[in-house]
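Bear in mind these aren't lab numbers, they're just calculated from the coordinates by the rules spelled out. In this text, all values refer to a predicted model and were calculated from it rather than measured experimentally. Here the Cβ positions follow ideal geometry from the backbone for every residue, glycine too, while neighbour counts run over all protein chains shown.
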Amino acid sequence: MSNKNLKWIYLCLLAVVWGSSFILIKKGLVGLTPLQVGSLRTVFAALLLVVIGLKSLKNIKGKQWKWIAFSGFFGTFFPAYLFSYAETEIDSAIVSILNSTTPLLSMLLGIFIFEAPFIKKKLVGVLIGLAGTTALILSGAVVNPDQNYWYSLLVILASLFYGFNANVIKKHLQTIPALAITTGNFMVIAIPALIVLATTGFFSAEVLTAPDVPLSLFYIAILGMIGTGAALIVFNKLIQISDPVFSTSVTYLVPIVALSWGFLDGENFTFFQLLSGVVILLGVVIVNNKNKKRKYFWNSFN
């Protein structure tokens, strides 16, 4: 099969995998706590990456490990818990759309903290995207009064962390292969995740024998190994056979998949919320327009 056709297959596959991550978190929360979901997701992904990426760690030099650690905690560790807590109150479809604000926040952080060049046209995209975000949160609070939409701030915070991570990688880790960065990330955060998991009492007989735990573990294992580890391999291959601009277009497909899962799972979603989501994605399109340097955009997904 030619690369021209193969790249579309990879793109659609990534959209399905990453778009499904939000419903997997939701299903994992049926039998597990948010701390357990976040920790287990990290641990499962670390197990896979140890197998496929251990040799790549030789590409990381001594002084670069501090940035690898920063990337691990802000790009994966903290967001894993923030998303889990957010989905205890907010529908998974809404969370997926709010997560699309990552490129917008990343650009703002790049300008104000990392001295990235200021581009007026892209600022318009940020303002449009943030307006859509505000509308989505406010409309969601009206449509679902039983849900606490203050938890939307957890998703925004996680997206902000993703933005920090993307800028750190671009400035300090750009010469390191993506697989080495990701494997290094999980080598750093796996032990803290296990410690957090132990504090929840997960390893007690009471928790391990609970009726809903086995199925929840199955969902989170898929999320960690497939949604993080395996998807990264596919994304790296996609970059090799296409280009960063084409690869990051997966941003626009992920919410569609997540919304589909939300509908199938009985989540309420109005036309105005859908319109707000479209506005957010419009802002992302403007920000990403003619941007050919987002090689590490995979760090912007949960």
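For the chain, the membrane-span-like helices by this rule, meaning whole DSSP H stretches whose C-alpha atoms cover at least 27 Å of axis and whose Kyte-Doolittle mean is 0.5 or above, are 34-53, 120-143, 152-172, 178-199; this says nothing about an actual membrane. Considering helices alone, the calculated mean residue ellipticity of the chain at 222 nm is -22000 deg cm²/dmol, with DSSP H runs of length four and up weighted by -39500 (n - 2.57) and normalised per residue.
Between L253 and L47, residue separation times 0.36 nm minus the direct Cα-Cα distance comes to 71.4 nm. Near F22: Cβ cut-off under 15 Å, other residues only, Lys/Arg at +1 and Asp/Glu at -1. The net charge is -2.
With a ≥ b ≥ c taken as the square roots of the eigenvalues of the C-alpha gyration tensor of the stretch 1-82, please select rounded if a/c is under 1.5 and otherwise prolate if a/b is larger than b/c or oblate if it is not? Note, shape of the stretch 1-82 comes out oblate. Between W8 and V278, the contour length at 0.36 nm per residue exceeds the Cα-Cα span by 95.0 nm. Note on the stretch 170-223 and the stretch 1-58: Cα centroid distance 11 Å, given to the nearest whole angstrom. Shape index of the chain: Rg/Rh, with Rg the Cα radius of gyration and Rh the Kirkwood radius from the inverse mean 1/r over Cα pairs, equals 0.95. Seen from a random direction on average, the alpha-carbon convex hull of the stretch 122-239 projects onto 11.0 square nanometres.
With the convex hull drawn over the C-alpha atoms of the stretch 142-200, the volume per residue is 125 Å³. Springs join every pair of Cα atoms under 10 Å in this Gaussian network model of the chain, and among T175, T101, T133 the largest mean-square fluctuation is at T175. Under the simplified labelling scheme, the F203-K55 pair shows an inter-label distance of 3.2 nm, with each label point 7 Å from Cα along Cα→Cβ.
Quick check for me: using +1 on Lys/Arg Cβ and -1 on Asp/Glu Cβ, what's the dipole size of the chain about its Cα centre, in debye to the nearest 20?
I would put it at about 1760 debye.
In the chain, the sites counted are chymotrypsin sites (Phe, Trp or Tyr not before Pro) in DSSP loop states with at most 12 other Cβ atoms within 10 Å, and the longest stretch holding none of them, exclusive of the sites, is 1-117.
Where is the GNM fluctuation largest for the chain (alpha-carbon springs, 10 angstrom cutoff): K237, K120, K55? In this elastic network of the chain, the residue with the biggest mean-square fluctuation among K237, K120, K55 is K120.
Would you mind checking K63/K170; K122/K171; K4/K122 for any pair whose Cα atoms are more than 18 angstrom apart?
On the way: K63/K170 16 Å; K122/K171 20 Å; K4/K122 29 Å.
As for pairs spanning more than 18 Å Cα to Cα, those are K122/K171; K4/K122.
Taking a ≥ b ≥ c as the square roots of the eigenvalues of the alpha-carbon gyration tensor, the stretch 59-180 is classed oblate because a/c is 1.5 or more while a/b is no larger than b/c. GNM, the chain, Cα, under 10 Å: largest mean-square fluctuation among G227, G277, G201? Evaluated over the chain, the most mobile residue of the options is G201.
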